[in-house]
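Undergrad: Before I ask anything, here is the structure I am working with.
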Amino acid sequence: MLNPFDIIIFGGGGDLALRKLLPAMYRAYQEGNLPEGSRILPTVREETQRAEYIETAHKALKEFLAKDEFNAKDWKAFATFLVPVVSNVTAPDDNWDVLKGILDEHDSTKSRVFYLSLPPAVYGTCCEILSVKNLITPTSRVVVEKPIGYCGESAEAINGKIAEYFSEEQIFRIDHYLGKETVQNLMALRFSNSLFENMWDAKSIDNIQISISETVGLETRAGFYDKAGALRDMVQNHLLQLLCLVAMESPHKLNASSIRNEKLKVLEALRPLIGSDVDKNIIRGQYVPGDLNGKIVPGYLEELNEGSSKTETFVGIREHIDNWRWAGVPFYLRTGKRMAKRCAEIVVQYKKVSHNVYEDSVGEIEPNRLVIRLQPEETIQLTLMSKRLDNLEMQLEPVTMNIELSQAYSNGFHSDAYKRLMLDAAANNPSLFIHRDEVRQAWKWIDPIIDRWQEKGKPALYRAGSWGPEDADELLAENNHVWFNTGDKGA
């Protein structure tokens with residue numbers, strides 16, 4: 001049973017807190033995982049925001065929770081956990097003493113989780129103030145959001161500043177994709193089923209695709225996104241972390257250090273892409289106006305309201321992992337905005353049967369395929385060849401076994417990545433968080449790509465509502481492969 005804790009959400013009035021963090025904690029309460037005596041302290045900049053915060057939270061939960069989740073009784077009880085407080089990171093005045101007084105009301109051995117829902121540029125400043133105000137206790141932890149830095153050097157500077165006040169064991173770098181139940185099920189699928197683990201290598205697998213596609217454009221993130229782009233925003237963290245979980249060896253034990261060690265080995269084995277290798281193996285794109293779900297949407301430059309920009313909104317990568325398990329197997333990574341469908345999925349494409357005993361007349365024998373879908377729904381699909389049962393003649397066709405995880409577990413549990421990760425931070429369980437060494441190694445692979453793009457070329461254009469630039473299709477065609485696109489025929 002989790003002990004009572006205080007979670008202090010810096011930036012408590014921001015979009016992330018209202019859209020994701022508060023609903024996550026509300027779900028934790030409904031499921032009995034928010035211990036009595038715990039407190040949620042969202043920070044805001046002004047007293048008027050503090051006075052109105054309970055009503056702000058009430059509106060946010062009604063908007064962002066599913067209809068079957070919100071009810072007046074649970075809200076009334078959950079609201080008692082909320083203790084909004086004024087605290088401004090850019091002005092460490094007496095308001096911080098108010099926060100200290102509230103925290104010190106309880107036993108100093110009670111865990112404090114400082115969640116920095118703030119721009120990474122002020123992580124160090126916030127940690128410094130926490131130290132100066134004597135708010136960091138031996139059982140305190142700090143949770144920081146991605147992206148950490150814009151390159152390896154800036155990431156090291158930010159991590160170094162945080163490390164002046166918190167030990168590595170106290171720092172929880174969050175990637176919410178790692179909290180998704182289906183991502184964790186990936187490890188269960190691999191390491192508890194000999195059916196898959198014995199066929200999880202270059203002898204059986206033809207290629208692996210990991211895609212995260214979004215239908216949205218810039219929304220409210222124009223200023224940040226144009227400086228970051230898809231490579232920094234999505235590939236450096238989400239896609240590389242998913243790649244690690246797909247490709248890593250079985251950890252000695254299912255604990256944080258063992259998992260991190262195996263993930264780090266994958267990052268170290270990534271084939272470097274430098275100079276002309278970047279041009280041959282990576283496609284970057286930028287969306288222009290197009291038809292998305294029957295509606296014409298503006299292009300990136302129109303949304304940005306700028307005349308020109310070389311920032312990529314799409315990245316397609318062909319990469320290899322140079323170790324014994326994956327030698328020769330291409331990994332395809334893809335992410336983009338204003339794509340045809342919103343989805344996140346891992347596609348394991350197996351090799352064709354080595355010898356076909358059937359005549360051509362029975363139909364084409366397609367290779368087996370495992371699809372692990374992370375969003376919008378959480379499903380596992382396995383496509384096998386089977387005889388058609390409505391025909392006396394021998395006719396083969398692919399049949400998909402579909403496991404809908406949300407339907408398989410209908411006990412009121414709501415899958416929520418942030419809920420799991422916030423509770424793990426409170427419980428001091430770092431298994432699903434990112435170590436500083438992983439951040440360092442990921443940037444070591446990413447930085448040469450950024451350097452090449454700054455030297456040469458510009459993004460290929462693609463229509464909003466499509467699956468990205470045609471060049472990305474050609475990248476796979478070079479190996480006789482095609483993208484698996486959710487919603488397309490056969491997908």
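Undergrad: Tally up the residues in the range 213-244 that are aliphatic (A, V, I, L, M) and buried (at least 23 other Cβ atoms within 10 Å of the Cβ), please.
TA: Final tally of qualifying residues: 7.
Undergrad: Let me ask something additional. It is to be established whether one or more residues within the range 112-135 are at pLDDT below 90, among the charged types (D, E, K, R) and either under 18 Å from Arg45 (Cα atoms) or touching a strand residue (DSSP E or B) at 6+ places or on another chain (Cβ under 7 Å) (or both).
TA: No: the range 112-135 contains no residue that is at pLDDT below 90, among the charged types (D, E, K, R) and either under 18 Å from Arg45 (Cα atoms) or touching a strand residue (DSSP E or B) at 6+ places or on another chain (Cβ under 7 Å) (or both).
Undergrad: I'm trying to understand the selection: among the residues of the range 263-277, which are open to solvent by 20 Å² or more (accessible area, probe 1.4 Å) and either within 20 Å of the chain's Cα centre (by Cα) or closer than 13 Å to Asn323 by Cβ (or both)?
TA: Answer for the range 263-277, where residues must be open to solvent by 20 Å² or more (accessible area, probe 1.4 Å) and either within 20 Å of the chain's Cα centre (by Cα) or closer than 13 Å to Asn323 by Cβ (or both): Leu264, Lys265, Glu268, Arg271.
Undergrad: Scanning for something of a type in the set (D, E, K, R), in a strand (DSSP E or B), surrounded by 17 or more Cβ atoms within 10 Å (Cβ to Cβ) and touching a residue at least 40 places away in the same chain (Cβ under 8 Å), does the range 98-120 turn up at least one residue?
TA: Yes - at least one qualifying residue is present in the range 98-120.
Undergrad: Tell me yes or no: at least one residue of the range 375-390 is more than 22 Å from the chain's Cα centre (by Cα), surrounded by fewer than 19 Cβ atoms within 10 Å (Cβ to Cβ) and under 19 Å from Asn480 (Cα atoms).
TA: For the range 375-390, residues more than 22 Å from the chain's Cα centre (by Cα), surrounded by fewer than 19 Cβ atoms within 10 Å (Cβ to Cβ) and under 19 Å from Asn480 (Cα atoms): absent.
Undergrad: Among what's in the range 400-423 and is open to solvent by 30 Å² or more (accessible area, probe 1.4 Å) and under 21 Å from Tyr115 (Cα atoms), pick the residue that is modelled with the lowest pLDDT.
TA: Ser415
Undergrad: Looking only at the range 441-470, which residues are more than 14 Å from Val315 (Cβ to Cβ), of a type in the set (A, V, I, L, M, F, W, C) and in a loop (DSSP other than H, G, I, E, B)?
TA: Ala464
Undergrad: So which residues in the range 64-94 are part of a helix (DSSP H, G or I) and over 29 Å from Tyr123 (Cα atoms)?
TA: Selection gives Ala72, Lys73, Asp74, Trp75, Lys76, Ala77.
Undergrad: Out of the range 28-87, which residues are open to solvent by less than 30 Å² (accessible area, probe 1.4 Å), farther than 27 Å from Asp107 by Cβ and of a type in the set (A, V, I, L, M)?
TA: Across the range 28-87, the qualifying residues are Ala60, Leu61, Leu65.
Undergrad: If I filter the range 283-322 down to residues being over 18 Å from Ser466 (Cα atoms) and at pLDDT 95 or above, which single residue comes out as surrounded by the most Cβ atoms within 10 Å (Cβ to Cβ)?
TA: So, considering only residues that are over 18 Å from Ser466 (Cα atoms) and at pLDDT 95 or above, the one surrounded by the most Cβ atoms within 10 Å (Cβ to Cβ) is Ile321.
The values are calculated or read from the model by the stated rules, or taken from the named source; none is laboratory data. As the structure is a computational prediction, the values presented were derived from the model and not from experiment. Cβ sites come from the backbone with ideal geometry, for glycine too, and all protein chains shown count toward neighbours. For accessibility, only protein heavy atoms count, side chains too; no ligands or nucleic acids. Shrake-Rupley method; radii C 1.70, N 1.55, O 1.52, S 1.80 Å.
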